[in-house]
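K.L.:
Handing you this structure, nothing more for now.
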Amino acid sequence: MLATLLLVSAIGALDFLLGFEISILVFYCLPVILGTAASGWRFGVTIAIACVATWIAGDLAAGAHYSHWVVPWWNALIALGTYLIIVWLFSTVRVLQREMENRIRQRTAALTEEIGERERLEKVILDIGERERGSIGRDLHDDLGQHLTGTALATQVLVEKLQARHADEEADAWRIVRLVEEGIEKTRRLAKGLLVAEMEREGLRAALHEYAVTATEQFRVDCRFHCDEETDCPDNSAAAHLFRIAQESVRNAVAHGKAKRVEIALACSADGLTLTIRDDGSGLPPSEERGQGLGLRIMAHRAKMIHARFRVEALPGGGTLVECQLPTKAIPP
């Protein structure tokens, strides 16, 4: 407000120095606009009156003569009317701007709340998925695993009876025992891959090492895991998401890329924890098909949930690189 009044005084002084024959009436619009924009229409009207009074006083002090006393009043009213129109326009724009800002704030708050609710629901869905995986893993381990164990014991009893009789079916019975034992081992490994609780106890490094062994036998590929002894993820939730990303990457490499060799690496640096999966498969599909892939979208979403950077790119010599970097600030101490 003080700066606006000083501006009026400066323009008035310039008006006086230039004399009454040269009009700089338009320059008085500047303090009127500034006053209205800064302090509202009331102050704008006050500045408009001050500008008109300064203009008339400057002309009179400069020696202006009028043919009739009505002339300066008429000029003052015309100038004041012009300034009041400017005040009205700018005050209206100011009100509209405030309303727009309020609407933007309200919509931003609503959008932020909606995004937060969506992220919460997505987290709930992922948690439900993890619980279902855990339930299936426990069923495999406790129910099917125990059932197969009982079947193996019963078959061994049958083998002993066949041995006592020197029956020819003894070799076939032993073959059934071995098949059942292999089924027990596969069931345990599948259950361990589904149970996050096992990973929480043993750590991400041990879980990825175990999964590399399982993937080698399950998919008939050369799957290897590389990691420093000191590297691990202390956050169980982030570790679970990284483990699922590694699982999905290996499955994609084998199922879609027809890879024969897959390397999983876990490294820790000053920037954070980095998980990389490389394969020698056929590479990435075309971009129009890539956007429709559910596996890539799930991996990207899991990375987003833990505030990690995720990228997938084709390697120059063939194959695919999947990288997920968890920043240090996203890892709780």
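The values are calculated or read from the model by the stated rules, or taken from the named source; none is laboratory data. All of these numbers come straight from a predicted model, not from anything done at the bench. A quick note on method: Cβ atoms are made from the backbone with ideal geometry, for glycine too, and the neighbour counts reach across all protein chains shown.
K.L.:
Test of understanding: among Leu190, Leu179, which residue is out of contact with any Gly (no Cβ under 7 Å at 6 or more places or on another chain), part of a helix (DSSP H, G or I), surrounded by fewer than 20 Cβ atoms within 10 Å (Cβ to Cβ) and in contact (Cβ under 8 Å) with a residue 40 or more places away in the chain? Spell out how you get there, then give the answer.
P.N.:
Numbers: Leu179 fails: in contact (Cβ under 8 Å) with a residue 40 or more places away in the chain.
Checking each option against the conditions leaves just Leu190.
K.L.:
Just to be sure, is Gly63 within 25 Å of Ala3 (Cβ to Cβ), surrounded by fewer than 19 Cβ atoms within 10 Å (Cβ to Cβ) and out of contact with any Phe, Trp or Tyr (no Cβ under 6 Å at 6 or more places or on another chain)? Write out each step before concluding.
P.N.:
Details: within 25 Å of Ala3 (Cβ to Cβ): no; surrounded by fewer than 19 Cβ atoms within 10 Å (Cβ to Cβ): yes; out of contact with any Phe, Trp or Tyr (no Cβ under 6 Å at 6 or more places or on another chain): yes.
No.
K.L.:
Another question about this same structure. Of all the residues that make up segment 224-251, how many are touching a residue at least 60 places away in the same chain (Cβ under 8 Å) and either buried (at least 21 other Cβ atoms within 10 Å of the Cβ) or among the hydroxyl-bearing types (Ser, Thr, Tyr) (or both)? First the steps, then the outcome.
P.N.:
Just the residues of segment 224-251 that are touching a residue at least 60 places away in the same chain (Cβ under 8 Å), to begin with: 233-235, 237-238, 240-242, 245, 249.
With either buried (at least 21 other Cβ atoms within 10 Å of the Cβ) or among the hydroxyl-bearing types (Ser, Thr, Tyr) (or both) added as a condition, the list becomes 233, 237-238, 240-242, 245, 249.
Looking only at that region, the number is 8.
K.L.:
Scan segment 61-78 for residues that are closer than 18 Å to Leu18 by Cβ, in contact (Cβ under 8 Å) with a residue 24 or more places away in the chain and not in a loop (DSSP other than H, G, I, E, B) and jot them down.
P.N.:
Residue satisfying the conditions is Ala61 alone.
K.L.:
Let me ask something else. Under 24 Å from Met1 (Cα atoms) and in a helix (DSSP H, G or I), is that true of Arg105?
P.N.:
On the way: under 24 Å from Met1 (Cα atoms): no; in a helix (DSSP H, G or I): yes.
The answer is no for Arg105.
K.L.:
Run down Glu160, Glu114, Glu122, Glu99 and say which single residue is assigned to a helix (DSSP H, G or I), under 25 Å from the mean Cα position of the chain (by Cα) and at pLDDT 80 or above. Full working, then the answer.
P.N.:
Numbers: Glu160 fails: under 25 Å from the mean Cα position of the chain (by Cα); Glu122 fails: at pLDDT 80 or above; Glu99 fails: under 25 Å from the mean Cα position of the chain (by Cα).
When all the criteria are applied, what remains is Glu114.
K.L.:
Restricting to helices (runs of 4 or more DSSP H) lying wholly in segment 210-306: which have 2 or more residues that are closer than 28 Å to Ile128 by Cβ and at pLDDT below 85?
P.N.:
Numbers: elements: 236-255, 287-290, 294-305.
Helices (runs of 4 or more DSSP H) meeting the threshold: 236-255, 294-305.
K.L.:
Moving to a separate point now. I'd like the full set of residues that are among the hydroxyl-bearing types (Ser, Thr, Tyr) and within 14 Å of Leu60 (Cα to Cα), limited to segment 8-44.
P.N.:
Here is the first cut: in segment 8-44, the ones among the hydroxyl-bearing types (Ser, Thr, Tyr) are 9, 23, 28, 36, 39.
Passing the criteria: only Ser23.
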